[in-house]
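First up is the structure itself, then whatever we jot down about it.
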Amino acid sequence: DLHVAGTSRPLSVTTKVGEAAADSATLEVSADIDRADFGMTWNRAGMLKGPAAISVTAHFVRQPA
């Protein structure tokens, strides 16, 4: 679930393994959200329109114990 401005909605994400090694991995995650689904309908000077695409690249590295 994604929680924004006091509203929660289920969020579907697409995840892809970008790079993987014995001690590290890179994940690429993307999702589309519509601000209106969270009650955010203001739009100052027409700056934000329609759904927005969000993408995150996260690199994880295993640390020695």
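Of everything in region 21-63, what is among the polar types (S, T, N, Q), open to solvent by less than 80 Å² (accessible area, probe 1.4 Å) and not in a strand (DSSP E or B)? Give them in sequence order. Within region 21-63, just 43 meets the criteria. Any residue in region 1-12 that is surrounded by 10 or more Cβ atoms within 10 Å (Cβ to Cβ), among the β-branched types (Val, Ile, Thr) and touching a strand residue (DSSP E or B) at 6+ places or on another chain (Cβ under 7 Å)? No, that holds for no residue.
Scanning region 31-64 for residues that are closer than 15 Å to residue 5 by Cα, among the small types (Gly, Ala, Ser) and in contact with a strand residue (DSSP E or B) (Cβ under 6 Å, 6 or more places away or on another chain) yields a count of 1. Here residue 11 meets each of (1) under 30 Å from residue 62 (Cβ atoms); (2) assigned to a strand (DSSP E or B); (3) modelled with pLDDT under 90 with one exception, condition (2).
The values are calculated or read from the model by the stated rules, or taken from the named source; none is laboratory data. From a predicted model like this one, the values you see are computed outputs, not experimental measurements. No Cβ is skipped: glycine too gets one built from the backbone with ideal geometry, and neighbour counts run over all protein chains shown. Note: accessible area is taken over every heavy atom of the protein model, side chains too, but ligands, DNA and RNA are not part of it. Shrake-Rupley method; radii C 1.70, N 1.55, O 1.52, S 1.80 Å.
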